[in-house]
Amino acid sequence: MKVLTFSGIFLLSLGVSWAVFSFLKGNSNLSIAPSEVKNTRSKINLDAPKVEVCPINGAKFTKGEKDIWQGRRPITAVIENHVDSRPPSGLSKADVVYEAIAEGGITRFLSILYCGVAASDVRIGPVRSARVYFINWASEYGNAPLFLHSGGANNICNNCPGGVKEPGTVAKEADAFRLLTEMGWRYANGNALDAGTSIGFPAVVRDYERIPGVATEHTFMAFTDKLYEEAQKRGFGAKDKKGNSWEKDFVEWKFIDDQPAGSPNASDISFGFWQNKKDYDIEWKYDKTGNKYLRFNGGKEHIDLDNKEQLSAKNVIVMFLAEKGPVDKEGHMFYKNIGKGNIMLFQNGIASKGSWSKESKTARTKFFNEKGAEIQFVRGVIWIEGLPVGNEVVYN
């Protein structure tokens with residue numbers, strides 16, 4: 001009788017196990033669970049061989065880190081660079097960073113977070129409002145990337161007739177909410193994560209102690225693990241509810257290993273975004289030992305507040321963008337990052353010229369050298385500076 005009972009229990013447990021296995025195998029939206037993240041991280045040895053290539057920037061990581069990121073999709077986060085908000089948090093963990101003017105010569109970042117945030121939960125911020133050109137860049141990162149922002153240029157007005165601002169207040173071309181809605185990102189449980197509106201605690205919080213005394217607008221902070229937990233609940237794991245991987249239409253750039261120049265011709269790079277905004281002037285200094293560029297902002301080392309690391313990049317691209325504006329009564333600027341233009345590339349201590357091309361909102365921006373061949377990026381952080389056409393870049 002005991003044998004029969006044991007056999008029955010064994011068969012029952014086998015059946016349950018098979019059912020669970022079948023469910024997981026057939027679950028098209030399977031993402032790495034929070035408990036599994038913790039378990040996988042506990043086994044990560046950052047000194048282990050780095051053999052897994054990040055699809056975002058070509059950097060190499062451990063297998064344990066890949067085990068985590070392959071169950072997720074990229075976070076594209078709008079992070080501010082206002083003087084009062086500095087230093088930022090989490091920017092040193094970004095795989096790619098874009099910088100462009102948000103308004104009045106004040107720059108803002110779009111940070112792409114995927115491989116670099118696999119090994120730990122990362123606090124990022126301060127999170128700020130969206131701009132159309134940031135959305136255009138974010139939309140390159142596969143099927144429905146997580147787009148983290150706090151508000152954005154829009155025509156919504158609770159006290160206006162019909163709930164809409166009067167014509168000319170916000171130009172159509174600058175209306176970020178309109179674009180997010182058109183793309184199908186902005187809805188109650190969409191991939192557009194609007195801090196304080198469509199997503200809140202514990203993924204996003206107001207932190208008044210990070211930099212004591214700053215205005216409320218500089219206090220929205222987010223946590224990558226919690227963002228991913230929320231994304232999973234909404235059906236935005238590595239795959240969506242229909243089983244489509246975020247990577248389905250993602251186009252990877254080309255990557256190469258370090259090839260530091262014996263005689264660098266670009267050891268110091270400097271430029272400004274607006275003439276009367278010296279606090280936003282940029283300098284990149286080449287570190288030959290690490291074959292990377294160290295970032296200075298407004299004449300000071302630009303660091304990550306949370307780990308005290310100076311921000312750096314293996315590749316710095318100055319992407320010249322046509323500037324237009326102000327385009328409306330609210331003073332919004334517009335930068336054209338769909339189409340074609342010129343670039344300057346700095347890598348391995350060497351400066352070179354080339355061009356960029358982006359055919360549509362969701363098309364991948366491609367970068368080419370002077371001969372028309374696609375650029376190969378040195379494996380590691382890529383920093384793209386969206387500089388107004390006509391601005392001077394000095395290097396030596």
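The values are calculated or read from the model by the stated rules, or taken from the named source; none is laboratory data. What you see is a predicted model, and the numbers here were worked out from it, not measured in a lab. Don't worry about glycine lacking a Cβ; one is built from the backbone with ideal geometry, like all the others, and counts go over all protein chains shown. Side chains included, ligands, DNA and RNA excluded: accessible areas come from the protein's heavy atoms. Shrake-Rupley method; radii C 1.70, N 1.55, O 1.52, S 1.80 Å.
Residues are listed down the side, and each one gets a yes or a no for (1) closer than 25 Å to S139 by Cβ; (2) of a type in the set (A, V, I, L, M, F, W, C); (3) open to solvent by less than 50 Å² (accessible area, probe 1.4 Å):
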residue: V327; (1), (2), (3): yes, yes, yes
residue: S352; (1), (2), (3): no, no, yes
residue: K371; (1), (2), (3): no, no, no
residue: V381; (1), (2), (3): yes, yes, yes
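The residues listed here are G237, G243; of these, the one that is of a type outside the set (S, T, N, Q), part of a loop (DSSP other than H, G, I, E, B) and crowded, with 17+ Cβ neighbours inside 10 Å is G237.
The residue list Y335, Y395 contains one member that is of a type in the set (S, T, Y), in contact (Cβ under 8 Å) with a residue 40 or more places away in the chain and crowded, with 21+ Cβ neighbours inside 10 Å, which is Y335. Looking only at residues of the stretch 99-114 that are of a type in the set (G, A, S) and closer than 16 Å to R295 by Cα, we find that the one that is farthest from the chain's Cα centre (by Cα) is A100.
When the stretch 278-304 is limited to residues that are open to solvent by 60 Å² or more (accessible area, probe 1.4 Å) and of a type outside the set (V, I, T), the one that is farthest from K93 (Cα to Cα) turns out to be K278. Scanning the stretch 189-206 for any residue that is open to solvent by 30 Å² or more (accessible area, probe 1.4 Å), free of Cβ contacts under 8 Å to residues at least 24 places away in the same chain and among the charged types (D, E, K, R) turns up at least one such residue.
If you go through the stretch 129-139 and keep only what is open to solvent by less than 10 Å² (accessible area, probe 1.4 Å) and either touching a Phe, Trp or Tyr at 6+ places or on another chain (Cβ under 8 Å) or among the aliphatic types (A, V, I, L, M) (or both), you end up with A130, Y133, F134, I135, W137, A138.
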